[in-house]
1. To two decimal places, what compactness ratio does the chain give when its Cα radius of gyration is scaled by 2.2 N^0.38 Å?
2. How large is ³J(HN,Hα), in whole Hz, for each residue of the stretch 63-77 in order, when computed from phi with the Karplus curve 6.51 cos²θ - 1.76 cosθ + 1.60 and θ = phi - 60°, using x for Gly and Pro?
3. If packing is taken as the average number of other Cβ atoms within 10 Å across a peptide's residues, how do 173-186, 220-233, 96-109 rank, most packed first?
4. Name the long-range amide H neighbours of Val205: under 5 Å, sequence gap of 5 or more, or other chain; modelled H, no Pro or chain starts.
5. Looking at the calculated P(r) for the stretch 38-135, what percent of the C-alpha pair distances fall above 18 Å?
6. If each DSSP helix of 4+ residues adds -39,500 (n - 2.57) and the sum is divided by the residues in the chain, what number results at 222 nm, nearest 500 deg cm²/dmol?
7. Just how far, in whole angstrom, is the stretch 1-79 from the stretch 287-348 if you go by their alpha carbon centroids?
8. For the stretch 24-41, just list the computed ³J(HN,Hα) in residue order, Karplus coefficients 6.51, -1.76 and 1.60, θ = phi - 60°, integers in Hz, with x standing in for Gly and Pro.
Amino acid sequence: MSEVEALRAGLVADIDGAASLDALEALRVGALGKQGVVTALLKTLGGMSPEERLEKGPPIQDLRESVTNAIATRKAALEQAALDARLASERVDMTLPAGDVPVGSIHPVSQVMDELAEIFADLGFSVATGPEIEDQWYNFTALNMPESHPARAMHDTFYLRAEEGVESYVLRTHTSPVQIRTMKAVAQKTGGAGEPIRIIAPGRVYRSDSDATHTPMFHQIEGLVIDKGIHLGHLKWTLETFLKAFFERDDITLRLRPSYFPFTEPSVEVDVGYSLENGQRVIGGSGDAPGGGWMEVLGSGMVNRRVIAAGGFDPDQWQGFAFGIGIDRLAMLKYGMNDLRAFFDGDLRWLKHYGFSALDVPTLSGGVGA
Ligand code: DAH
């Protein structure tokens, strides 16, 4: 075998056996690169006589062609193998289970608001709303809290900036102004005659106050019943029925304590009895039993005559009762949370822990009506 023939056989064998594109490239440089063995042979042609070149030229050109072709063939084979390997490993397997999709949860406040709306809807109450930026007349004056009234100062009110001589708006300090707005709307609709009212008004309220049990924004729900012949017994039955449904216990006990609110007369503060069960305080049972006690949950009373009049109703004909409850506090009591501030921090870990699944719990927010 000639020298050139032997070189070709060796190079082609190496090229056919190249295990990777990198190894193949190294072989190409070694043969056809500037310093390559085939290039060196081609260079020798220049120094040959025409006769010698005629004799030795064709085998050297053949050598170059064979090596070039072998490299192209091997390169195509290696590239195809790499593609096959990728196709095999990157195949989409439709039988695999789907990955985790992050799902939001229903905030405890929304959950409790829905529970309250459902309970009171069963008792014939509808939901009323009012603005959070409120007129001082609705927030205070019409509720029997004239400008000089000390309770007005006790509310830690946020006042909005106003022009000289114009009374500023406030961020409503309670949901009670919705009582007035509702009565006035009904009075107007009925041409001053009035008609029975049964509403709840849940929503955000604002006070300049912040610690473990107070946040500058919190939630209340207001209740108002106006009718003829309404008395304290109706109030007590309504609250008892509501608290039994909310805490899901029949042994709820209430204690009505005389109190004072400008918009009710008489006024009562309502405590609910709790008892000690397995070392835990739970709502229910008699608060007077050993280990038990009473927890204040809401304020209420018979609507003050002046408030009925401010609402455009005749207080000689119409009576009513009203109540106001802290929704956040109810949520804390029912679901065992202790720091009110965590409600509004927006910490996803807290929401995941205390939030409600839209699918597990049939509520209005969840879209699956009970
Ligand atoms: N508005 C009162 C407050 O924010 C709560 C309240 C008490 C509302 C008695 C009422 C009521 O309707 O009758 O402290």
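1. That works out to 2.04 for the chain.
2. Couplings: 4, 4, 5, 4, 5, 4, 5, 4, 5, 4, 5, 5, 4, 4, 5 Hz.
3. 173-186, 220-233, 96-109
4. For Val205, the qualifying residues are Phe218, His219, Gln220.
5. In whole percent, the share of Cα-Cα pairs in the stretch 38-135 beyond 18 Å is 77.
6. That calculation yields -12500 deg cm²/dmol at 222 nm.
7. Between the Cα centre of the stretch 287-348 and that of the stretch 1-79, the gap is 95 Å.
8. Once θ is set to phi - 60°, the couplings for the stretch 24-41 become 5, 5, 4, 5, 4, 4, x, 9, 10, x, 3, 9, x, 5, 5, 4, 4, 5 Hz.
The values are calculated or read from the model by the stated rules, or taken from the named source; none is laboratory data. All figures in this text were calculated on a predicted structure; none of them were measured in a lab. Cβ coordinates were reconstructed from backbone atoms using ideal geometry, including for glycine residues, and neighbour counts include every protein chain displayed. SASA here: full protein model, heavy atoms, side chains in, ligands and nucleic acids out. Shrake-Rupley method; radii C 1.70, N 1.55, O 1.52, S 1.80 Å.
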